[in-house]
Each structure stands twice: as structure tokens, then as C-alpha cells.
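Have a look at the structure below before the remarks.
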Amino acid sequence: MGIIQKDALRTTLISYLGIGLGYVNKGVLFLIILTTEQIGLINLIFSLGMLFAQFANLGLTFSVWKFYPFMKDAERKNRGFFVFMLLVACIGIIIFSILALIFRREIEHQYLEKSPLFIQYYLWFIPLGVASSFYLYFDVYLRSLYKNIISVFAQDVALRIVLTILLVFYWMDFISFYNLVVWHSLIHFIPPLFLSIYLFVIGEFSLSYKQIDIPRKMKLIIFQYSSFNYINTIGSVLLNSLDVIMLAQYVGLKSAGVFSTVMFLINAIFIPNRSIFRIASPMISDFWKQRNYYEMQSLYKKFSSVSLFIGLSFFLLFWMNIDFLFSFLNPEFKIGIWIFLYLMIGRLLDNYFGLNGAIFTTSKKYKYDLIFTITLVILVYGLKLLFIPWWGSIGAAISTAIALLIYNLGRMIFVYVVYKIHPFSKEQIWVIILGILTLSLGIIIDKYFAASYLNLFIKVGLLGLTFLLPIYIFKLEKESINYIKKITGYLKRRPNR
């Protein structure tokens, strides 16, 4: 995992810089200068834009991962693979831009009763979606080259700096709220512009159709693979976007604003996991090409163990102090405590089993993933349609957790039955037991200390003594421990230089 550790540290550090900027934006400025309804509106437009981007993507993500290793040929400009897939992306963007305009009235009608403010801003999710479509393609192409830093910087840092400036301008009455929404959509062209320039500099960006030298049979295979994975991505698309979209439709923009704010916190927690996944997932395709099942199994176990350790550590840190952390927010955000719990459980499971998606969709059995995707779509939409009218935003979080549990267990069982690959190890059981023990002791502490800074410090100490220290002493998560030793060893040597 050497290459993963090295790149994951860099991307994680940049991502946390971005999260710091994101916290200034969504954790401070959003809450200070915007109403909950306005927060919900901006996040609804963003969610619709992401939905647009994923649909317009036409299954490119996994196709680039799978086929780039077979297209690598420096002398022949990788057979024009870049421009070929870019043309596919442009076709998807054109199709869904037209559909968004054709069905405008039908979509607006869904929000007329509960979220009428959205009607004024309907069109602005389209440019955001177009920009995000180009970013998704450029990003996944660079990931296939094992170049992750520039993508993370452009999306997590550069974009958020510009958003901070926009929010300050609105705060100082330099621009209106309408202009804020408009510019919030347009600034999403900054990351793909960064990436296109970088691709040009490294000699990968090309718009020459003549460079395309992909055999007709291979094109058909790529299209077939993309079509299956396009259908398969619908599940993850709905899972990531449907909550805010349906809450705005059935409950209102305020509920969507609370939910999206909690989602920001959840996404921040899992940045290390996403950084590892960004580097690990393209490696799976190389392992399939080499038929190296041993390394694939090893990577799967290591990825899942690291994800469990990181995810559980942050869950314990935040959940044991959740009342204190939410005491700084407006009373209407109190419901976010339970949203956090259910979403966190779902994301823990999703990140633990996360690599099975890359294993499945880049294998020869990728067509069978359609079964799991259809199941996920039915589960996600059906459960949200049932739970959201009953329990609002909490219902949305519960439905997400249930869907993620069933979906990931099904995929994991299939991968094991077919390829005898699984993510489990004995050490993971002890990590879970230590997590349960730490959480139980945290609950006992709450009986004697009210939510305060003192309570926070005691629980941070508890986390270190009963969870992190035993894992370190008994080497229950070797990858993370070795990584920590490398960093501390580097820091010790640094002064001597």
C-alpha cells in the first residue's frame, strides 16, 4: 500500500484544507448570513446539478478505469482514448440539457407547494451540472494516470476559496441573493478548467478526432460496458442526491437545509477514506489485467481494515460529543443529531465494503451488478417515499442506512462466492469490540458530566486510552500503525537535517 499511503496523505491534507474552507463556508458563513430555507435552496440546486452530472456521465467513470490500462500507448497518444471518451461526455451533456428544458414545467410542479422559491432558480442547476460533468471525466482520467493532487486541489480548495469570496460579497451587500445563486453555479467551471490546463501541460489533453485509433470491436465492448455501468451508477446517484431533492419536494427547503448541513459534516469525516479509495480503485483494474487475485484480496482487506479504523475513530469522537457540538447551532438543527447517527452508520458500512464496487464493476461479471443496482434503486426510492412523509429528514437518513446495508452485503456475498475475495480479518473484530466498549464508557460519563468542554476533554482522553492505544499496542490495524510510524520517523529525522 506504499503508493496509496503516499498519495492518500497528500490528498487527505489538501482535502482537509478544503474542509477547513468548507467549514468557513457551510459551517459559519452559511449559518450566519443565510436562512435555513436559502441553505436548502442552494443545496437543492447543487444536488440536482450532481444528479445531472452523473446521468450525463453515461457510465464513463468505470469505463475509463477498466479500459485505460489496455489503451496505454505513448507513441500512439493512447489511441485517442481521451478525446473518444470526451465526445461521449459531450453527447451526454447535450442530451440531458435538452431533457432538463423539455421537462421544466413537470419538475417545477413537484416543488410548487413545499419549495416555491426553487421555481425562480430552476435553470441554474444546468450549468452547475455541465461543469460537474466535465470535472467528473477529467478527474477520473487523471486518477487512471495515478495523478490525484490537482483534482483534489481544484475541487476542494480553489472552488471553495472563490465561494468564500462570493459569500463575503453577499454578506457585505455587494451582490444580491439571486446573484449569489447564479455565481455559485458558474464557479463550478473553475475545477474542470484547472484540470483541462493540467492535462494539456502533461500532454494528455487533445481535441483531435483524428487521433482516435480504437478498433471497432473495442468500441462496441466499451459502449456495452458503459451502458451496463451507466445503469449501475443510477443507484449511487440516487443515494447521494435523492435525500435533499425529496425533502425539498415533500417537506420543504428548511428540512433540506438541515439535512445537507449534516451531510457536509459526514462527508468531512470520511475524507481519509475517499482519499484512499481514489488511489486504490484504479489499481483493481490493473490487478484484473494481471490476474493477480492475491494482491487484490490483500488490497481489499487492507482497505476495509483502514476504513473501519478511521471511520469508527471519527464516529466515536463525534457521537460521544454530539450534544456539545450541536449546542452551537440554531435550535432547528437539533434534529440533525439523529440524522447524523443513521447516516454515519450507513456510511461506515459503505466505506468498509467500498472496494467491492470497484472489484465488481471492473470484473468479467460486471453485468450481474445490474441486479444489485435495481434492488438499490427500488430500496432507496421506495423507503424514502415511505419514510420521508412520516419522519421527514430522520426518515431520509434511516432509509439511506437500510439501503446501504442491504446493497453492500449483497455485493460482498456475490464477490466472495464468485472470486473467494472478502474484506474480513480477526483483528477487525477486536477493533469493533473496543469501539463498543469506548462508546459504553462514554455513555456512563454523560451521567456524571454535562455537555461541556470538560466532558469533551474527558471523552477525547477516553477515546485515546480505550480505543486508539490498545489498537496501537496490539497492532490491530497494522497499515495505519505503520503509516503513523513512517510519519513520526520522518518528523524526527527532519530537525537533524
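Applying the criteria of a DSSP loop state and at most 12 other Cβ atoms within 10 Å to the trypsin sites (Lys or Arg not before Pro) of segment 89-141 yields no site.
Panel order for Lys289, Lys420, Lys302, by other beta carbons found within 10 Å of each beta carbon, from fewest to most: Lys420, Lys289, Lys302. Does segment 425-489 come out rounded, prolate or oblate by the C-alpha gyration tensor, with a ≥ b ≥ c the root eigenvalues, rounded set by a/c under 1.5 and, if not, prolate when a/b is larger than b/c and oblate if not? Note, shape of segment 425-489 comes out oblate.
Which length gain, in nm to one decimal place, applies between Leu465 and Val417 when the Cα-Cα distance is subtracted from 0.36 nm times their residue separation? It would help to have the intermediate numbers written out before the result.
Details: separation 48, 0.36 × 48 = 17.28 nm, distance 3.90 nm.
Length difference between fully extended and current span is 13.4 nm.
In the chain, a dipole from Cβ-located charges (positive for Lys and Arg, negative for Asp and Glu) runs towards its positive end, and of Gly464, Gly235, Leu253 it is Gly464 whose Cα lies farthest in that direction. Taking label positions 7 Å along the Cα-Cβ direction at both Arg216 and Ile374, the computed distance is 3.2 nm, reported to one decimal.
Taken as Cα centroids, segment 327-359 and segment 380-454 sit 8 Å apart, rounded to the nearest whole angstrom.
If I take R0 = 30 Å and measure r between the Cβ atoms of Leu441 and Asn482 in this structure, what FRET efficiency does the formula 1/(1 + (r/R0)^6) give, to the nearest 0.05? Mind dumping the intermediate values first?
Numbers: r = 28 Å, r/R0 = 0.94.
With a Förster radius of 30 Å, E is 0.60.
Computing FRET efficiency as 1/(1 + (r/R0)^6) for Met172 and Leu17, where r is the C-beta to C-beta distance and R0 is 35 Å, gives about 0.90.
By its C-alpha gyration tensor, with a ≥ b ≥ c as the square roots of the eigenvalues, how is segment 283-385 shaped: rounded for a/c under 1.5, else prolate for a/b larger than b/c, else oblate? Because a/c hits 1.5 or more and a/b fails to exceed b/c, segment 283-385 counts as oblate.
Across segment 415-438, the residues whose backbone nitrogen lies under 15 Å from the label position 7 Å along the beta-carbon direction of Lys364 are 418-420. Couplings 3J(HN,Hα) of segment 386-391, computed from phi: 7, 7, 4, x, 7, 10 Hz, in residue order, whole Hz [Karplus 6.51 cos²θ - 1.76 cosθ + 1.60, θ = phi - 60°; x for Gly and Pro].
Given the Cα-Cα distance of Ala450 and Lys426 and 0.36 nm per residue of separation, how much length would full extension add, in nm? Don't skip to the answer; put the middle values down first.
Working: separation 24, 0.36 × 24 = 8.64 nm, distance 3.68 nm.
Length gained between Ala450 and Lys426: 5.0 nm.
Computed over the chain, the quotient of the alpha carbon radius of gyration and 2.2 N^0.38 Å is 0.98. In plain terms, the residue of Ile436, Ile398 with the fewest other Cβ atoms within 10 Å comes first and the most crowded comes last, giving Ile436, Ile398.
Based only on other Cβ atoms within 10 Å, what is the fewest-to-most ordering of Tyr170, Tyr472, Tyr407? Please report the intermediate quantities before stating the final value.
On the way: Tyr170 21, Tyr472 15, Tyr407 25.
Placing the least packed residue first, the sequence is Tyr472, Tyr170, Tyr407.
Taking a ≥ b ≥ c as the square roots of the eigenvalues of the Cα gyration tensor, segment 107-234 is oblate, since a/c reaches 1.5 or more and a/b is not larger than b/c.
The length gained by stretching the chain between Tyr146 and Leu117 to full extension, at 0.36 nm per residue less their Cα-Cα distance, is 6.2 nm. Relative contact order, whole percent, for the chain stands at 20, derived from Cα pairs under 8 Å and 6 or more residues apart. Using θ = phi - 60° in the Karplus curve 6.51 cos²θ - 1.76 cosθ + 1.60, the 3J(HN,Hα) couplings for segment 85-92 round to 6, 5, 4, 4, 4, 5, 4, x Hz; x is entered for Gly and Pro.
Calculated from DSSP H runs of 4 or more alone, at -39500 (n - 2.57) each and per residue, what is the 222 nm mean residue ellipticity of the chain, nearest 500? Before the final figure, lay out each step's value.
Numbers: 23 runs with 382 residues, N = 497.
Calculated mean residue ellipticity at 222 nm is -25500 deg cm²/dmol.
Here Ile202 and Lys334 are evaluated by their C-beta separation; at R0 = 41 Å the FRET efficiency comes out at 0.25.
Read-outs throughout are calculated quantities, based only on the coordinates presented, and are distinct from any laboratory measurement. All values derive from a computational prediction rather than experimental measurement. Glycine gets a Cβ as well: all are built from the backbone with ideal geometry, and neighbour counts include every protein chain shown.
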